[in-house]
Amino acid sequence: MSVTQQQVLDALAKVASPRGVALTNANVLSAITAADGKVFFSINVDAAEARAWESVRAQAEAAVRAIPGVSVAMIALTAERKVGAAPAAPPAPHQHRHAHGVQPVSAHKPPQSPASPMSKQAEIPGVAAVIAVASGKGGVGKSTTALNLALGLRDLGLRVGLLDADIYGPSVPRLTGIHEKPKLNDDRKMIPIERFGLSIMSIGFLVEEETAMIWRGPMVMSAITQMLRDVAWGTLDILVVDMPPGTGDAQLTLAQNVPLKGAVIISTPQDLSLIDARRGLAMFRKVNVPVLGIVENMSYFQCPECGTRSDIFGHGGARHEAERLGVPFLGEIPLHMSIRTTSDSGNPVVASEPDGPHAAIYRAIGTKVRDQLQGATAAA
Ligand code: ADP
C-alpha cells in the first residue's frame, strides 16, 4: 500500500506543537518524502527550543508509523542555533553502557561548551565507539576498505557494526550481497542485518539507489541520524560508519552530529586525492574528531598471476603525507584483482579469503585502529 504526503500531513495535523498550533502550522517541517511505505522528513527548530520539541518528534513519529502501510518512519529533530541567540540547552542525560574491548575515548576530546556544534551529539546506548571511514572523493575504495576493516576488527574479537551512511550512493548492499529489508523489533527499531558476524545497516536496504541519489540537505542528516538512533544496534565495541565521500557541508554536519571517537581517511597515492585527503583531515580537526590515521588504498599494483609488485601510481604518497601532517599511517592496500572481484560479488576478501595476504593487511590496519582508540583512552 503506498502512503501519500497528504496522509502524512493529515496525521501530523493532529500533533500539537509547543507553539500552540498544530505541527503542520508551526513552520518547522522539511519537505516530506513518502515513497514505498517509507516516510522521511525533519523538524527544524532553533536549538534553544530543542528540548521542548523532542517529545513532539516522538509523537510525530508515532503518528506517522500508525498510518496503515507505513513500514519505516524516519523523523529527525534538527536544531540550529541562531546567531546571537542564547546557547542551546545541554543534551539530555543519556544511558551509556561500556562494552568490553574498546573503551570510549570521549575524554580525549576537549570539553564542549553548550554552545558548541558538538552539543547536538549524544552517545548511542550500547555502542562503545563510533568511527568514521572517510575520503576526500568517491571511487578511492572507501566502502571496500570500511567493510574489510570492519571484518578485520571482528577478527580481533571485537563486536562490530557497519553503517553505510553514503546516502548518495550506498554500496554496502552490493559489497555484502544483502538485499533484504530490515525488520522492526517490538520497540519499532530497525534490526540490523547480521552477515559475516557484523551488524550491518545501509540506507540502500531501505530505498532504491535512484531515490537515495536525489536526497539533499537536511534530509541527508535526518536519514543518517535515524539510521544511528532508530536501529537496534545492541552491544557493540565499534560501529564503523562509511561516510559519504567528500568534505562538504553534509560531511561536516554528520561529523558534528555523530559522536565520533575517531576518523580513518582513505586515499589513493595520486596527488589529487591526497589533496582531498588533506581537506578531510582539516574537516575532522575542525570538529575535534581525532584522526586515527590514513590508509593508502590501491597503493601498488600486484599482478594476480605472478604476484610481482609495480608502483604504478608513485606509491608512498600517503605515508609521507601522514608523516608530514603528524597523523598515524595505518597501512597500504594493493590494487588487486581479488579485492575487486570479491567486493563486487558481495563476498568481501577478509571473509572469503581469511587466510590470504589481503585479509592479513586489513587485520593489521584493524589492529592499529583498535590500538589508536585504546591509546586515546589510556592518554585520557
Ligand atoms: P568508494 O566507496 O570510495 O566510492 P568503492 O569501495 O566502491 O569506492 O570501490 C570502487 C571500486 O574499486 C570497486 O569496484 C572496488 O571493488 C574497487 N576497489 C576498491 N579497493 C580496491 C583494491 N584495493 N584493489 C582492487 N580494487 C579495489
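The values are calculated or read from the model by the stated rules, or taken from the named source; none is laboratory data. A quick note: this is a predicted structure, and the numbers were derived from the prediction, not measured. Glycine also receives a Cβ, built like all others from the backbone with ideal geometry; neighbour counts cover every protein chain displayed. Protein only, heavy atoms only, side chains kept; ligands, DNA and RNA dropped before computing areas. Shrake-Rupley method; radii C 1.70, N 1.55, O 1.52, S 1.80 Å.
Worth pointing out:
- Residues located in the range 11-64, provided they are open to solvent by less than 20 Å² (accessible area, probe 1.4 Å), β-branched (Val, Ile, Thr) and part of a helix (DSSP H, G or I): Val56, Val64
- Residues located in the range 123-145, provided they are within 11 Å of the ligand (Cβ to nearest atom) and outside any helix (DSSP H, G or I): Val133, Ala134, Ser135, Gly136, Lys137, Gly138, Gly139, Val140, Gly141
- Any hit, the range 349-357, residues being within 14 Å of the ligand (Cβ to nearest atom) and at positive phi: no
- Qualifying residue in the range 17-28 (condition: under 21 Å from Ile203 (Cα atoms), among the small types (Gly, Ala, Ser) and in contact (Cβ under 8 Å) with a residue 24 or more places away in the chain): no
- Verdict on Leu162 being buried (at least 23 other Cβ atoms within 10 Å of the Cβ) and assigned to a helix (DSSP H, G or I): no
- Every residue from the range 168-206 that is farther than 15 Å from Gly346 by Cα and part of a helix (DSSP H, G or I): Ile203
- Extreme residue, nearest to Val289 (Cα to Cα), among residues of the range 207-246 that are modelled with pLDDT under 75 and in a loop (DSSP other than H, G, I, E, B): Gly217
- Matching residues in the range 320-338 - criterion: being within 12 Å of the ligand (Cβ to nearest atom) and surrounded by fewer than 16 Cβ atoms within 10 Å (Cβ to Cβ): Met337
- For first residues located in the range 339-362 and open to solvent by 60 Å² or more (accessible area, probe 1.4 Å), partners that are among the hydrophobic types (A, V, I, L, M, F, W, C) and within 10 Å of the ligand (Cβ to nearest atom) and lie 6+ apart or on another chain with Cβ distances below 8 Å form the pairs Asp344/Leu175.
- Annotation: of all residues in the range 146-157 being open to solvent by less than 20 Å² (accessible area, probe 1.4 Å) and closer than 11 Å to Gly366 by Cβ, the one that is nearest to the ligand (Cβ to nearest atom) is Asn148.
- Some residue of the range 262-270 being open to solvent by 10 Å² or more (accessible area, probe 1.4 Å), of a type outside the set (Ser, Thr, Tyr) and either assigned to a helix (DSSP H, G or I) or within 25 Å of Ile200 (Cα to Cα) (or both): no
- Residue within the range 289-307 that is away from the ligand (no atom under 13 Å from the Cβ), under 24 Å from Pro192 (Cα atoms) and assigned by TED's automatic domain parsing to the domain that holds Gly139 present: no
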